[in-house]
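Quick notes on the structure that follows.
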């Protein structure tokens, strides 16, 4: 015997809710029938998946491994059903996309209507989180693909580089930190504690430090922000300067009267990429989405030049 998709779906629901009653309700069956299905799955696989107590549900190590594979199986079956129901039309049906916070608010407002225009049967679900989190969710089958910034060390994925996103130096109007340094070479002489960045854990912090060649750690402020909007508010108050991705230019918090933007050397950029699980049966579809993102960026770049 082999597990059924229904049994795997119940197990995934139990992992999501960590409560038999709530998981059963989400699957629209009684708690007793749900519990029996989980026990039957354990019997079929001949492995203990769940530790049950009065107050909590704990997934065993074997259970965690089975759940990861179960999510992938369910994802593949959903993709198969989408292809069949749509007459093999690409990029139709449900698709879950993970995006990092320093891309989502700047790229998605134009990308969402564009993707739905090209692929009207696509049901795009979004999840925003840090790169490390969405990478793990991708491997676990909770996401189909992720949109993130390179470089970032990843395992088990195929990466499609899309385009370069240059860094700009942002400061308040007439900032004391860049007085007399309004060309690219002058930014090497920024004062100690002058560069404000996002807190550790945000890849934008590491990318900015590397791409903008910040070699003197004393230049980096001890204070850090949890989000880009908060960081920009600190810059508007002239608490320091920062490096922002060019895609954020049109969505900056604060008016042009409050912020100045300065170009950086050409090599100061991060690369935006799309990634999915290695060996995915939907690789060709995902590449279509990547090409759409590339075309959107080219069109945006041309518009800015005009």
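Computed quantities for the displayed model
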item: All positions within region 121-141 that are surrounded by fewer than 18 Cβ atoms within 10 Å (Cβ to Cβ) and in a strand (DSSP E or B); result: 123, 124, 125, 126, 127, 128
item: Some residue of region 207-221 being surrounded by 14 or more Cβ atoms within 10 Å (Cβ to Cβ), over 25 Å from the mean Cα position of the chain (by Cα) and modelled with pLDDT under 85; result: yes
item: Filter result (buried (at least 20 other Cβ atoms within 10 Å of the Cβ) and at pLDDT 85 or above) within region 187-201; result: 194, 195, 196, 197, 198
item: Only one of 80, 41, 91 that is in a loop (DSSP other than H, G, I, E, B) and either at pLDDT below 90 or not assigned by TED's automatic domain parsing to the domain that holds residue 300 (or both); result: 91
item: Count - residues of region 143-163 that are in contact with a strand residue (DSSP E or B) (Cβ under 8 Å, 6 or more places away or on another chain), over 16 Å from residue 279 (Cα atoms) and crowded, with 16+ Cβ neighbours inside 10 Å; result: 6
item: Any chance residue 248 is assigned by TED's automatic domain parsing to the domain that holds residue 198 and either over 20 Å from residue 177 (Cα atoms) or in a loop (DSSP other than H, G, I, E, B) (or both); result: yes
item: Restricting region 112-134 to residues that are under 10 Å from the mean Cα position of the chain (by Cα) and touching a residue at least 60 places away in the same chain (Cβ under 8 Å), the residue that is farthest from residue 276 (Cα to Cα); result: 130
item: Output for region 247-258, where each listed residue is surrounded by 14 or more Cβ atoms within 10 Å (Cβ to Cβ) and at pLDDT below 65; result: 253, 254
item: Out of 261, 231, sole residue that is at pLDDT 85 or above, in contact with a strand residue (DSSP E or B) (Cβ under 7 Å, 6 or more places away or on another chain) and surrounded by fewer than 17 Cβ atoms within 10 Å (Cβ to Cβ); result: 261
item: Qualifying positions in region 18-33 - part of a helix (DSSP H, G or I) and in contact with a strand residue (DSSP E or B) (Cβ under 8 Å, 6 or more places away or on another chain); result: 20
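The values are calculated or read from the model by the stated rules, or taken from the named source; none is laboratory data. Remember, predicted model here, so these are calculated numbers, not experimental data. As a convention, Cβ positions derive from the backbone with ideal geometry for all residues, glycine included, and neighbour counts pool all protein chains shown.
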